[in-house]
Number of protein chains: 4
Amino acid sequence: MKKIKTAVLGCTGLVGRQFVRLLENHPFFVLACLTASARSAGKSYGEVSTDFCRPVVAALCIRETRAAAVIRSGARVVFSALPAAVSNELEEELRRSGICVFSNSGAHRLDAAVPLLIPEVNADHLELVQSQLREHPGFIVTNPNCVVSGLAMALKPLTTFGLRNVMVTTFQAVSGGGRRGVVAWDIMGNVVPYIAGEEEKIVRETNKILGSLKEARIESSHLEIYPSCSRVPVREGHLQSVTVEFRQPVASKTLAAAFASFGTGSRQLALPSAPVRPILLLGNEDRPQPLLDVHAGEPLRARGMAVSVGRLRVHENRCSFFLLVHNTVRGAAGGSVLNAELAFKKNLLGGLHGHD
Amino acid sequence: MKKIKTAVLGCTGLVGRQFVRLLENHPFFVLACLTASARSAGKSYGEVSTDFCRPVVAALCIRETRAAAVIRSGARVVFSALPAAVSNELEEELRRSGICVFSNSGAHRLDAAVPLLIPEVNADHLELVQSQLREHPGFIVTNPNCVVSGLAMALKPLTTFGLRNVMVTTFQAVSGGGRRGVVAWDIMGNVVPYIAGEEEKIVRETNKILGSLKEARIESSHLEIYPSCSRVPVREGHLQSVTVEFRQPVASKTLAAAFASFGTGSRQLALPSAPVRPILLLGNEDRPQPLLDVHAGEPLRARGMAVSVGRLRVHENRCSFFLLVHNTVRGAAGGSVLNAELAFKKNLLGGLHGHD
Amino acid sequence: MKKIKTAVLGCTGLVGRQFVRLLENHPFFVLACLTASARSAGKSYGEVSTDFCRPVVAALCIRETRAAAVIRSGARVVFSALPAAVSNELEEELRRSGICVFSNSGAHRLDAAVPLLIPEVNADHLELVQSQLREHPGFIVTNPNCVVSGLAMALKPLTTFGLRNVMVTTFQAVSGGGRRGVVAWDIMGNVVPYIAGEEEKIVRETNKILGSLKEARIESSHLEIYPSCSRVPVREGHLQSVTVEFRQPVASKTLAAAFASFGTGSRQLALPSAPVRPILLLGNEDRPQPLLDVHAGEPLRARGMAVSVGRLRVHENRCSFFLLVHNTVRGAAGGSVLNAELAFKKNLLGGLHGHD
Amino acid sequence: MKKIKTAVLGCTGLVGRQFVRLLENHPFFVLACLTASARSAGKSYGEVSTDFCRPVVAALCIRETRAAAVIRSGARVVFSALPAAVSNELEEELRRSGICVFSNSGAHRLDAAVPLLIPEVNADHLELVQSQLREHPGFIVTNPNCVVSGLAMALKPLTTFGLRNVMVTTFQAVSGGGRRGVVAWDIMGNVVPYIAGEEEKIVRETNKILGSLKEARIESSHLEIYPSCSRVPVREGHLQSVTVEFRQPVASKTLAAAFASFGTGSRQLALPSAPVRPILLLGNEDRPQPLLDVHAGEPLRARGMAVSVGRLRVHENRCSFFLLVHNTVRGAAGGSVLNAELAFKKNLLGGLHGHD
């Protein structure tokens, strides 16, 4: 079987580099095109990246980010690590050109016809691409904001018990702001209790993901969410302190079982980047910690794809816990690749364009 | 007027050093005795401290921490920065010797006859010392845990509006664990979502402070508090993300006014270490930050004594905000000194022992 | 006596803010004008700065950085915290307008007629302004690069013993790169062994400062200097590991005495920002440390103006030590203010323009 | 072929854990015994370690560190990660029991009959064990201090050109002080320019390693070394700024070639943990950096075993560069394992005891 040619847009940023790492040896996909801003265009990937990578990838010449370059490369699947402002129109142009876009950017996350997808949580939402395919030869699938990627996964198994509201305080790593997004003077030895636009995204995106698909539309879950976001001097991994209120008391054991059994169904799809256990419930009293747990996830290909949950405390109809999600893997590039794997298994990639 | 002779127990730790700094030039108190463990005993304070201090203080010879040494020094007031385990009996022994002990240790905080005091919050609780004075020639007054010092101050003005419950996630500085309490390997570039015993203290101590004095006893405020504590790589200043639920909707303006006017009454006592405004409500969207706001408080003597509150967000009957408290000043040594100032003004020090 | 009106160019950066702090209550100077880029122009200083400052300073309206605005303000002395690229022409324009410019920028440091000045080291070089005054109504005086500010001070007393060469490895704080100059992702938990252009500056500037004034020209000291520069995750204070080779063996005591007595002569000038002891030789085996020693310097106005030296080790004709200099105070704004104070005492400011 | 049974002494520390990681799947060795202090004794390795490890290793029960437990386990090779004070006598006792001890501790490094070994640098020194074997049934082989492990490797290829002296300033990671050795309060945002005993070790150990084996004795290389050691807030990787003086000028290209070709000979031994290129000369102007380069080394088993060298600058007969060594891998556990591999290949392990 020939692998599907893919492109990574914005390959030099922190998320772009994760895309390259995850795709450089993928069973379904092969890297055919890397793009970046004019500054890096013309250089080889090996020149601009500090990561180890396979020689064939290091030798890839970076193109300037434009639809033409991508189309010329023959890529049928495009992964976008571009900022929302840049990606908005470009992703639409690629869709019009028959390309399947898996985007980490915020531009289209709330579009009615665009799935905001986490395979273990709302695989059925992928159905939405059919509305896009009625109007375009390609489609766009998005993955949520990095905080939401972890939060929605942890909340999903709890929805069974009737969630009344959710308080979440985040401890977000500097990589969440991008390679140049957080200056050392501001964050070293400090905490900044504000990230522009983040709290709004958490409310909207979580409600879309936990929403239900009804007649080709997503009905919001209308969950009350009270987020308080902060940046901490950590490199990778968004820690979150969550307290949820249920409609009635739930036993600690019941919740633990719900976390542990979460995602069993999705295993049958055999997505290569899906972790065997999407949620790891940690027993140690001082976990999860970004440094120790950010790369959680098995098998090897799924490292950084599992969400770690710890310090589960239940008091009548309230439960508190900490969760940790790898913000540039599960919360960005890895989430997007997993979505593409789901689309592949659902014959949305092959059926459209055939393999090379 | 002669100043009252004081001793600082445990003068070489982070809290002990703050005591020395706050007392070295105090209008009511003079340092007569410094104690520490056997390791530092016999050295001058100047030898063991890296802080700038007045020559007369640098020359003070450190004694080993024992009641006899303190009593011999003629100190009538003792400030304790000892760990709970060590201070428990020693503080009782000093009380039996007619000394007024202002303790930052946790040993006696929950004793029925011991005030757990924040002058701006529950000055009336000082009344409790009368029960001690019926049995002993001296008394013990405690200040709360570092997190509670800030939290109780921020909650006090909100109690008017009928608090239903409080969620608090803390970002605690390494100085909270003491000079040697947090090892670099564990915390650098990391967050540890657990501090042993801290969450229990927050619930108990906050409820005692916000409780009411009835017939020489404190009746707990029975407030539901759900704390989640973490250690962050910050040197000084405990940041807290707080969400409270009121019994009915409260307007944002009303809350802002409550914070701003808090503590006006206590100003009449003219305590030297009391900040003009005990709570500073910050307007900038990204404050308070430990690095920028930890030393808040005016006048100069009250630096680090004000609690900064920011990012006030109100949604119907819920309100969220971040607060910052200087953990070794307002949350420890400064809180204790302020308590002693209140006792002095209430004639509990002079009336007992006269000035030297 | 009326104070001399001054302007600070680039008042919103880390160095600019130090200028404002040092000048807001200065015995000779008064702030009449603050400038910054278009982004901050029109705002009050209080709006853009996170520092405490006097209300009269907080109320100053920031102008866009242009010569016209400065001249209109009536400032006779200008302190420049601008980047070299911006300040080059502007400083010359101000000089042509009869203004005395004290610049921290690198633009004119190596100009033959411009003094590169450290009052304790080469006060006589100030003489160079006379050549400027023959061609212009004003003049430019520069202070050296932040590393050189400390290094030249420590080397000066050693020159008596015949220096053969100097090896220096620097540990430079992130503030040296400016408010936005170092991104968190690059430096957190890391060391970057390179700072563009820094090593060349160290060689050239140190040799100009240690050079001798001969017939209105500076003759380089032709000292062999081998610098290796690095950035470390420290906020303020450039630590330097120095090893010098002398032409013959020198006793450790002799060197210690030379450091201790350094700068005695310059005290007679009574410059307000000059530290009583410009070099502090520390006895503790683990000092100087940025966190503990960066603010060294007495009296209060001279905090951050003393260079700390420690770990002096002598082996025959080689001597090694660590030194620490506050990079934005002695190494930038403070150095510039001290230069202006020297010029004032030498009647180069008053003589020219009279006081308001 | 049966693998040789080994024990790791002090398995719970940072170096001990690296030993376990390197040995858990080794072609020559198998873990038969893990020891630690009484506190961890009786627990399984999986309980005390935060690292991922093979189930068979996680299940190993930790013994208290005593010779008897080691001997009982049947281990023929012992790796010691103990502190010098503890390991001194214990290692001698194991040697008397016929065990081959590969020790990272400082206790025996300078013993005349004990090789201080880096296979690529002084493989011939292994010969020294013969003198031990004349007196004991077993022997001790040591690897150098973590700084020396990198420094001696970088200096070795330069010795051909006639070294006159070496200046080295170190930037040492906190892991060098052990898991609990550096407290956060001291190092966060700081640099501490002193590490007790380190500079003396660098001089002595480097001279022993670079010394020559003459009649079963090591003659010191008598190289003049001027070390200045500091601790920086970095987790892993000791960066070093080195300046060497040669007896005559050497061209930059010549030095680069010497670094690049270093260690070619030792490849023939096919030691599993030996990196293909023991010294990596980096071309980028801002490397090596701890965060980016600490794990350098190929193949996979040799990750962290290569020394990175960068910023090579040559000026007549002086050359400066930065080097980086992984302090707990090449500088500790990895160095020790490599030594054992060399001993195995030289038939010093098998010849003695046979395989199980």
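Please treat every number below as a calculation from the coordinates, not as lab data. Owing to the predicted nature of the structure, the values given are computational and were not obtained by experimental measurement. Every residue, glycine as well, gets a Cβ built from its backbone with ideal geometry; the counts of neighbours run over all protein chains shown.
Things worth noting here:
- Dipole size of chain A about its Cα centre, with +1 on Lys/Arg Cβ and -1 on Asp/Glu Cβ: approximately 680 debye, rounded to the nearest 20.
- Cβ-based charge dipole, chain B, positive-most Cα from B:P249, B:F344, B:S261: B:F344
- Cα centre as origin, Lys/Arg/Asp/Glu Cβ charges: the range D:52-137 dipole, Debye: 440 debye
- In Hz, Karplus ³J(HN,Hα) per residue of the range B:149-163 (6.51, -1.76, 1.60; θ = phi - 60°; x = Gly, Pro): 3, x, 5, 5, 5, 6, 6, 3, x, 7, 4, 3, 9, x, 7
- Across the identical copies, how the C:A256 labels are spaced - nm, sorted shortest first, 7 Å along Cα→Cβ: 4.7, 6.1, 6.3
- In this structure the amide hydrogen of C:V141, modeled in the peptide plane, comes within under 5 Å of the amide hydrogens of C:V101, C:F102, C:S103, none closer than 5 places in sequence on its chain.
- Rounded to whole Hz, the Karplus (6.51, -1.76, 1.60) HN-Hα couplings of the range B:74-83, x for glycine and proline: x, 5, 9, 10, 10, 9, 10, 10, 7, x
- Nearest residue to the symmetry axis between A and D, taken on chain A by its Cβ, in whole Å: A:G189, 2
- Shielding score for B:173-180, defined as the mean number of other chain Cβ atoms within 10 Å: 3
- Multiplying each eigenvalue of the alpha-carbon gyration tensor of the range D:51-104 by 5 and taking the square root yields semi-axes of 21, 13, 10 Å, largest first, rounded to whole angstroms.
- Positive contributions from Lys and Arg (+1) and negative ones from Asp and Glu (-1), summed over other residues with Cβ under 15 Å from the Cβ of D:E127, come out at +2.
- Antiparallel %, DSSP beta bridges [both residues in chain A], to 5: 45 percent
- Exposure proxy order (Cβ contacts within 10 Å, fewest to most) of C:H238, B:H108, A:H295: A:H295, B:H108, C:H238
- Cα gyration tensor shape of the protein assembly as shown, rounded if a/c is under 1.5, else prolate or oblate by comparing a/b with b/c: rounded
- Using alpha carbons only: equivalent-ellipsoid semi-axes of the range C:169-283, gyration tensor based, whole Å: 29, 19, 18
- Virtual paramagnetic centre 7 Å along Cα→Cβ of C:L110, amide N under 17 Å, in the range C:145-166: C:145-149
- From phi via Karplus (6.51, -1.76, 1.60), per-residue ³J(HN,Hα) for the range B:306-320 in Hz, x at Gly/Pro: 8, 9, 9, 10, x, 6, 5, 10, 10, 9, 6, 9, 10, 9, 10
- Environment charge of C:G16, counting only residues whose C-beta is closer than 12 Å and scoring Lys/Arg +1, Asp/Glu -1: +2
- Under 20 Å of direct C-alpha separation, and excluding same-chain neighbours fewer than eight residues apart, A:K156 reaches these lysines: A:K201, A:K208, A:K214, A:K253.
- Inter-chain Cβ neighbour average for residues D:315-321, partner chain, 10 Å: 2
- Across peptide D:301-311, the average count of Cβ atoms from other chains found within 10 Å of a residue's Cβ is 1.
- Choice from D:P55, D:P290, D:P137 with maximal GNM fluctuation in chain D (Cα, 10 Å cutoff): D:P55
- Proximity of backbone amide H atoms, modeled 1.01 Å from N, is registered between D:R277 and D:E298 at under 5 Å, excluding neighbours fewer than 5 places apart on the same chain.
- Rounded to the nearest 20 debye, the dipole magnitude of the protein assembly as shown is 0 debye, with +1 charges on Lys and Arg beta carbons, -1 on Asp and Glu beta carbons, and the Cα centre as origin.
- Using the rule -39500 (n - 2.57) for each DSSP H run of four or more residues, divided by the residues of chain D, the 222 nm mean residue ellipticity is -7500 deg cm²/dmol.
- The Cα atoms of chain D define a convex hull whose projected area, averaged across directions, is 16.9 nm².
- The ranking of D:S73, A:S252 from fewest to most other beta carbons within 10 Å of each one's beta carbon is A:S252, D:S73.
- Each residue in C:T35, C:T170 was given a count of other beta-carbon atoms within 10 angstrom of its own, and listing them fewest first yields C:T35, C:T170.
- Cβ-derived FRET efficiency at R0 51 Å, A:K2 paired with C:A85, nearest 0.05: 0.45
- For D:G98, the amide hydrogen comes within under 5 Å of the amide hydrogens of D:G138, counting only partners 5 or more places away or on other chains and with H modelled in the peptide plane.
- For D:K346, a cut-off of 17 angstrom between C-alpha atoms picks up these lysines, skipping any fewer than 8 places away in its own chain: D:K3.
- Global size of the range A:26-181 as Cα Rg and Dmax, reported in angstrom: 17.7, 54
- Normalised contact order of chain D, rounded percent, pairs of Cα under 8 Å and 6 or more residues apart: 18 percent
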